[in-house]
Amino acid sequence: MKRRYQPELDGLRGLAVALVVLFHLGFSWMPGGYVGVSLFFTLSGYLISRLLLDEFDAEGSVGFGRFYARRARRLLPAAQVLLILVVVARVAGEFEYVEGLSAELWGALAQVANWVHLAGASSYAALFEGSVVSVSPVAHFWSLAIEEQFYLVWPVSLVALARTATRRGVALWRIVLVAFVVSAVITPLIGVWWGRDAVYWATPARLGELLAGAVLATWQRDRVRAGRGLPLDMTTWGWPALAAVLAAAVTWPSGSGPGFAGWFPVFAVASTVLVASLLVPGVLARAFAARPLAWLGRISYGLYLVHWPVFLVLRRHGWELDQPVGALVAVALAVLLAQASFVVLERPVREARWDGRRTGVLAVTALAVTAVAISLMPPTRSLLGGKTAAMEAASIRTVEEGSLVPLVTTASSSVSTSSGAPSVLPTSTDPSSVAGVTLALPDAPPRAVRILVVGDSTAFAMGRGLATWAVAHPDHAAVDVLWAQGLGFVLDGRITTFDGASFVARSAEVVRTEMPALIERLQPDVVVMMSTVDDVADREWTPAEGPLAPTDPRFGARLRSQYRAATRIALDAGAPRVVWVVAPVPANDFSTADLNVRESHLAVHAAIREVAASVPGVSVAEMDEWLTAAGHATNDEWRPDGTHLSEQAAVWLAEDWFGPWLVRESLRPLP
């Protein structure tokens with residue numbers, strides 16, 4: 001049974017994809033645009049169920065082979081081409097730091113991308129925090145995987161339910177409604193059992209949104225069979241339903257809130273009412289049938305596929321997509337590619353008169369070609385990665401307490417200042433010249449300087465390069481790194497702009513317990529402390545004060561107090577010298593706005609300098625100043641994500657400046 005074309009439903013697709021695109025552009029006023037995916041789910045559940053029931057009622061059965069052939073012709077061509085283009089982009093040098101990209105591509109190919117995300121302990125919120133260079137260009141395939149998994153099992157299930165309902169004289173829509181209610185109840189429980197990421201990505205948790213559409217399709221079918229049709233007053237509820245959809249899009253937060261607490265089935269009720277209101281004539285149906293919106297809906301599948309990798313590449317090359325010019329360029333490029341895909345690929349394949357056998361052969365061939373491409377793709381790596389072989393080789397060798405040969409602590413005019421803190425640059429240099437900010441390595445000391453780096457992931461990235469340098473200069477240095485993700489040295493207060501409770505607790509454990517124990521065991525000559533992000537976040541200590549920024553004098557006083565306390569812990573544990581690193585101000589754009597405030601970073605820098613000037617045995621390494629003087633502060637090759645040093649850049653930093661600087665500083669007389 002061939003149904004008439006309904007442009008208003010294409011218009012609904014257009015709205016759904018527009019919400020997703022606006023969300024992925026990063027506009028602050030569209031934090032919940034991901035609900036567009038939920039709208040897609042409900043519309044798909046309705047349309048697929050309606051098509052299956054039409055065939056079942058007309059012929060008494062469903063040709064499953066024909067159904068899957070139609071799905072293959074509709075979905076596979078554009079998806080396979082995109083996956084191959086991602087591989088081509090990787091060969092051309094893009095997506096180098098997307099850890100596990102190969103696994104994500106295999107997951108997209110096998111339509112299990114959502115489970116790959118969950119197995120990798122990834123977080124949807126993390127896609128919009130930190131660096132674009134680490135985000136997968138096929139991360140959005142999770143929703144396509146859920147739909148494909150639904151398409152795989154629902155046709156057989158629906159036919160079985162329809163036959164059962166007929167045999168027992170029960171309304172089919174009531175059975176499907178029960179399934180929806182059960183799914184809606186289970187969804188929040190999945191969050192309790194497996195966490196909020198499972199609520200977002202697990203197929204059982206998102207099944208309710210698809211079943212909501214199926215409830216409408218079966219209810220509509222049962223009413224038509226009973227000769228009653230659809231009640232016209234459903235249009236009355238269309239506008240409130242649309243308002244509810246738009247309200248969720250502009251109010252639900254991106255990484256928390258109702259969407260991650262199991263509320264999507266409730267949202268699906270509004271989506272279902274909206275779909276139902278478009279099935280009968282009315283002002284709302286005419287609005288959604290408008291040509292621009294209906295056209296956008298027709299290319300929505302291709303637009304959904306291409307917009308995400310296009311946005312990532314543009315962001316990687318400096319475009320700010322939440323600004324008017326960047327947004328226009330990004331959307332125009334994505335729409336152009338989607339229209340080309342629709343005209344050249346999607347529509348011709350979908351309208352081809354191939355039988356099921358030929359469709360199957362071509363589908364298998366396309367999948368095989370894509371699989372070969374993925375197999376031949378160059379590997380990717382994490383920007384941070386794990387402990388390297390160089391770090392193992394550079395590690396400090398433990399010795400009996402008191403048996404270390406003393407370092408010769410002779411003064412050097414090129415590494416001291418009147419304040420007792422070392423200078424970032426040698427005297428009489430040209431800061432604009434990279435060569436001018438290069439420090440020469442002094443003669444080897446009586447033994448290797450023992451260096452312990454303590455800090456967050458930026459400290460790890462820096463320490464990794466320092467260790468590689470130490471392997472090349474074993475007579476000068478040995479290096480160990482103690483780090484934790486999100487480690488800071490402010491060990492109390494509540495971070496107010498993101499969920500940082502676990503970071504604060506872990507930081508306290510490292511600084512108060514693990515660091516002094518490691519100092520006592522390794523007997524380092526210098527402890528290097530470095531943190532870039534978490535100590536910059538707004539915090540609240542008391543409700544009366546409310547959230548404070550580092551620029552607030554009250555925050556600043558606590559910052560200095562806690563930095564002195566952390567310094568004292570290291571010195572009391574036996575470290576003769578502490579070096580605080582003035583970390584480079586991040587050049588990327590964090591989704592948490594307070595982390596982007598340059599003045600807050602400078603306030604932390606000022607606190608570091610004040611503590612160093614007031615505590616004997618403490619120095620400052622002005623890394624931020626050095627990177628700026630050397631011309632590397634905004635160099636993508638040095639900091640691909642705008643925050644962490646690349647592995648090679650960390651080696652260059654150690655070779656050109658930080659390694660020699662630390663050796664010289666360790667040889668400088670203590671006060």
Looking for whichever is within 24 Å of L12 (Cβ to Cβ), under 31 Å from the mean Cα position of the chain (by Cα), in contact (Cβ under 8 Å) with a residue 40 or more places away in the chain and open to solvent by less than 60 Å² (accessible area, probe 1.4 Å) here; the options are G191, G213. Which one fits?
G213
If the Cβ limit is 8 Å and pairs must be 6+ apart or interchain, which residue in segment 645-665 that is closer than 11 Å to L439 by Cβ pairs with which residue that is open to solvent by less than 10 Å² (accessible area, probe 1.4 Å) and among the polar types (S, T, N, Q)?
E665/S619
Yes or no: W252 under 27 Å from L25 (Cβ atoms) and open to solvent by 50 Å² or more (accessible area, probe 1.4 Å)?
no
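Please find, within segment 289-302, the residue that is farthest from L336 (Cα to Cα) out of those that are open to solvent by less than 10 Å² (accessible area, probe 1.4 Å) and in a helix (DSSP H, G or I).
Restricting to residues being open to solvent by less than 10 Å² (accessible area, probe 1.4 Å) and in a helix (DSSP H, G or I), the top hit is A294.
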Are any residues in segment 189-230 on the phi < 0 side of the Ramachandran plot and not in a helix (DSSP H, G or I), and if so, which ones?
A202, A226, R228, L230
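Among the residues of segment 423-436, is any at pLDDT 85 or above and outside any helix (DSSP H, G or I)?
Scanning segment 423-436 turns up no residue that is at pLDDT 85 or above and outside any helix (DSSP H, G or I).
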Which numbered condition in (1) within 20 Å of the chain's Cα centre (by Cα); (2) assigned to a loop (DSSP other than H, G, I, E, B) is the only one that S61 fails?
(1)
Quick check on segment 74-95. Is at least one of its residues modelled with pLDDT under 85 and either farther than 20 Å from V310 by Cα or not hydrophobic (A, V, I, L, M, F, W, C) (or both)?
no
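Within the group E599, E545, which residue is open to solvent by 10 Å² or more (accessible area, probe 1.4 Å), within 26 Å of the chain's Cα centre (by Cα) and either closer than 19 Å to F460 by Cβ or not hydrophobic (A, V, I, L, M, F, W, C) (or both)?
From the options E599, E545, the qualifying one is E599.
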Please find, within segment 370-385, the residue that is modelled with the lowest pLDDT out of those that are open to solvent by 80 Å² or more (accessible area, probe 1.4 Å) and in contact with a helix residue (DSSP H, G or I) (Cβ under 8 Å, 6 or more places away or on another chain).
P379
Cβ contacts < 7 Å: first residue open to solvent by 10 Å² or more (accessible area, probe 1.4 Å), restricted to segment 574-593; second residue among the aromatic types (F, W, Y), any location; separation 6+ or different chain. Result?
S591/F128; T592/F498
What is the residue count in segment 539-554 for residues that are within 16 Å of N596 (Cα to Cα) and not in a loop (DSSP other than H, G, I, E, B)?
2
Just name the residue that is surrounded by the most Cβ atoms within 10 Å (Cβ to Cβ) out of those in segment 518-538 that are in a helix (DSSP H, G or I) and either under 32 Å from the mean Cα position of the chain (by Cα) or of a type in the set (D, E, K, R) (or both).
V536
Residue list for segment 618-642, restricted to those being assigned to a loop (DSSP other than H, G, I, E, B) and in contact with a helix residue (DSSP H, G or I) (Cβ under 6 Å, 6 or more places away or on another chain):
A630, A633, W638, P640, D641
Which numbered condition V133 fails, given (1) assigned to a helix (DSSP H, G or I); (2) open to solvent by less than 40 Å² (accessible area, probe 1.4 Å); (3) modelled with pLDDT of 90 or more
(3)
Taking segment 1-45 and keeping residues part of a helix (DSSP H, G or I) and of a type in the set (S, T, N, Q) leaves S38, T42, S44
Within segment 500-512, is even one residue surrounded by 22 or more Cβ atoms within 10 Å (Cβ to Cβ), under 23 Å from S646 (Cβ atoms) and within 25 Å of the chain's Cα centre (by Cα)?
no
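Within segment 586-607, track down each residue that is part of a loop (DSSP other than H, G, I, E, B) and either of a type outside the set (V, I, T) or under 15 Å from G488 (Cα atoms) (or both).
P586, A587, N588, D589, F590, S591
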Could you tell me which of the residues P584, P616, P576 is within 24 Å of the chain's Cα centre (by Cα) and closer than 30 Å to A517 by Cβ?
P584
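Within segment 334-359, can you find the residues that are surrounded by 17 or more Cβ atoms within 10 Å (Cβ to Cβ) and of a type outside the set (D, E)?
A334, V335, L337, A338, S341, F342, V349, T359
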Residue identified as without any contact (Cβ under 8 Å) to a residue 40 or more places away in the chain and not hydroxyl-bearing (S, T, Y) among A570, A484:
A484
Of the residues in segment 262-283, those that are open to solvent by 10 Å² or more (accessible area, probe 1.4 Å), within 20 Å of V35 (Cα to Cα), assigned to a helix (DSSP H, G or I) and not small (G, A, S) number 5
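The values are calculated or read from the model by the stated rules, or taken from the named source; none is laboratory data. Quick caveat, the model's predicted, so the values are computed rather than measured. When we count neighbours, we look across all protein chains shown, and the Cβ atoms used for this are built from the backbone with ideal geometry, even at glycine. Areas reflect the complete protein model, heavy atoms only, side chains present, ligands, DNA and RNA absent. Shrake-Rupley method; radii C 1.70, N 1.55, O 1.52, S 1.80 Å.
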